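Where a number appears in this text, it was derived from the coordinates with a stated rule and is not lab data. Just so you know, these numbers come straight off a predicted model, no measurement behind them. Ideal geometry is used to build each Cβ from the backbone, glycine not excepted, and the neighbour counts take in all protein chains shown.
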Amino acid sequence: MKKQVITSRDVHLFYGDFEALTGIDLAFNEHEITAMIGPSGCGKSTYLRILNRMNDLIPNVKITGDIELEGKNIYAPDTDVVQLRKQVGMVFQQPNPFPFSIYDNVVYGLRLAGIKDRAQLDEAAETSLKAAAIWDEVKDKLHESALSLSGGQQQRVCIARVLAVRPEVILMDEPTSALDPISSTQIENMLLELRSQYTIILVTHNMHQASRISDKTAFFLQGRVVEFDDTKKMFLNPKEKETEDYLNGRFG
Amino acid sequence: MDAKQKDKLATGILYAIAGIIVLLLASLLGYILIQGLPHVSWHFLTSPAKAFEAGGGIGIQLFNSVYLLVLSMLISVPIALGAGIYLAEYAKANWITDVVRTAIEILSSLPSVVVGLFGFLVFVLQFNFGFSILSGALALTMFNLPLLTRNVEDSLRQVSFAQREAGLALGLSRWETVIHVVIPESLPGIITGMILGAGRVFGEAAALIYTAGQSAPALNFSDWNPFDIASPLNPIRPAETLAVHIWKINSEGIQPDAAAVSAGASAVLILAVLLFNILARFLGNRLYRKMTAES
Ligand SMILES: Nc1ncnc2c1ncn2[C@@H]1O[C@H](COP(=O)(O)OP(=O)(O)OP(=O)(O)O)[C@@H](O)[C@H]1O
Ligand SMILES: [Mg+2]
């Protein structure tokens, strides 16, 4: 059996009085891609953002339950949130590069971690950009603004920026929904490459994407997980009626 | 009239209004410069003023203006940065913050004469600083700080939440995100605001008449010890600035060439403020380009 990197038990989340998550039990295996699917507003982003504590930024949020990263409760009072976010990186739906050069974007986390050695930074930039499958497109203009790139290129630069700080887990919230099919496919292929080194948790509305690249799939509905299983099993042979309806496009 | 014609008409009216504004501005500037520039010479810019005879310059007033500007910016820029960052990044949305914000808004719309009178009562009389550079710099700070603070806050708010999220998700602390992501992105706006503020301060008269005073004692430009009374750096000496000088000559000047001195001084003042504006644009653009690409 594979090693479980993140486990969550009976996780509830309240936005004020509204209970957005009603008891989530999930576990994510090392070096697998887990897809989270479900209709709009069912709580996928909310759940994803629990895993690196991005919900801490929102006022009036209450979280109960137990979320562990490698056996340690990440909501324990002595958790170093900054350290946690280095271990658990995040890619957002909208590409959000800093308005600096491509190079500076990628090495940003490293520079702030105190690395100044130019050769080391250059090397990290190249490795990360290659891993994010965008090196060939940008290697001649590393010092141009990242904002001058197309959306798909920007998103891959953002992925490189996360890879550069070498997280163990990468959270992705609909990373390809703002991109054209070609860019999406490029990113999907890249994720398959990255799987051998990272644990990836991916929110997507694209069923084809989930079935093509994920090992496991969790189906969310109104703040709970209806079904969580191997992607192949679930897509071919869903256990629950609700899952089947959703996969066949019968609601949502 | 169909939509197309209406559009044409509206555009035409807008163009006309814009044209009138440009024309007004150009003729005002042109008038002041044409009247004043012939009187401006190196001698005029460097020699002291004369109270009763012709041939006086504006050297000391010019120096005073610059010194006061530097001093008041030295006081107000750090405070404005601190206050702006606090309001934009840390202040909770509660009634105290609302009160602070409203106070800043009211302060920034206070007429400068009122600020000057306040400065007179508090700094000149109460604190016993007298008519001095120090009183003047503090009054200018009162006058400038609210606008600078608002400018910093607004510039920081322009940075989208996604950028802050990106910083935090990379494992930066809140403070690091502010310092390394938000501030660099808003720096061009902040710099522009500061330079425009500097221009306003440079041309300010009303706030200074009763604080920095209306006399410009002779200075010894070879003595830079701030504790000597004749030193240009002495912060306790009275210091009439260029703008105050212009006001004074026009209200009670008895020099035979008062009109010429006033015209010349106005031209210099306008040129300086113009320079600040151009500098603001130039530096703002440059910084933005620098920050957004090669750095
Ligand atoms: N900051 C917030 N404050 C209050 N309610 C929120 C907040 N963010 C999300 N919600 C609510 O929580 C529920 C789950 O939202 P969430 O964004 O997690 O959905 P999602 O599954 O990611 O949807 P989508 O597929 O559209 O992105 C929704 O009902 C939403 O209205
Ligand atoms: Mg979402």
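Observations, loosely collected:
- Our summary gives the range B:40-291 a relative contact order of 27 percent, counting only alpha carbon pairs under 8 angstrom and 6 or more residues apart.
- Where trypsin sites (Lys or Arg not before Pro) fall in DSSP loop in the range A:85-142, at most 11 other Cβ within 10 Å: A:116
- Using alpha-carbon coordinates, inclination of helix A:118-131 to the longest axis of chain A, degrees: 40
- Normalised by the number of residues in the range B:47-192, the average gap of Cα pairs under 8 Å and 6 or more apart makes the relative contact order 25 percent.
- Couplings 3J(HN,Hα) for the range A:184-189, derived from phi with the Karplus relation 6.51 cos²θ - 1.76 cosθ + 1.60 (θ = phi - 60°), are 4, 4, 4, 5, 4, 4 Hz, where x marks Gly and Pro.
- The dipole here belongs to the range B:40-291: it is taken about the Cα centre, uses +1 on the Cβ of Lys and Arg and -1 on the Cβ of Asp and Glu, and is about 500 debye.
- Under the shape rule built on the C-alpha gyration tensor, where the axes satisfy a ≥ b ≥ c, chain B is oblate, since a/c reaches at least 1.5 while a/b does not exceed b/c.
- Gain upon complete extension [residue A:76, residue A:182; 0.36 nm per residue less C-alpha separation]: 33.9 nm
- Tilt relative to chain B, helix B:258-292 - C-alpha long axis, 0 to 90 degrees, to 10: 20
- More than 27 angstrom apart: percent of Cα pairs within chain A: 37
- Cα-based shape type of the range A:1-97, given that a ≥ b ≥ c are square roots of the gyration tensor eigenvalues and the cut on a/c is 1.5: rounded
- Between the amide H of residue A:75 and those of A:67, distances stay under 5 Å, these residues lying 5 or more places away or on another chain, with hydrogens modeled in the peptide plane.
- The ranking of B:114, A:106 from fewest to most other beta carbons within 10 Å of each one's beta carbon is B:114, A:106.
- More than 33 Å apart - percent of Cα-Cα pairs taken over the protein assembly as shown: 58
- Cα gyration tensor category, rounded, prolate or oblate, for the range B:155-295 with a/c compared to 1.5: prolate
- Helical contribution to [θ] at 222 nm, DSSP H n ≥ 4, -39,500 (n - 2.57), averaged over the protein assembly as shown, rounded to 500: -16500 deg cm²/dmol
- Spatially proximal lysines relative to residue A:139 (Cα-Cα < 24 Å; intrachain offsets below 8 disregarded): A:116, A:130, B:290
- Here the Gaussian network model covers chain A, with springs between Cα atoms less than 10 Å apart; of A:199, A:217, A:22, A:22 fluctuates the most.
- Whichever lysines have a C-alpha closer than 21 Å to that of residue A:216, once near sequence neighbours (fewer than 8 apart) are set aside: A:2, A:3, A:44, A:232, A:233, A:239, A:241
- Between residue A:117 and residue B:31, the modelled label-to-label distance comes to 6.9 nm, taking each label 7 Å out from Cα in the direction of the beta carbon.
- Spatial separation of Cα centroids for the range B:1-25 and the range B:99-171, in angstrom: 38
- Average Cα contact separation per residue, the range A:1-133, under 8 Å, 6 or more apart, as relative contact order %: 22
- Rounded tilt (10° steps) of B:242-252 against the dominant C-alpha axis of chain B: 50
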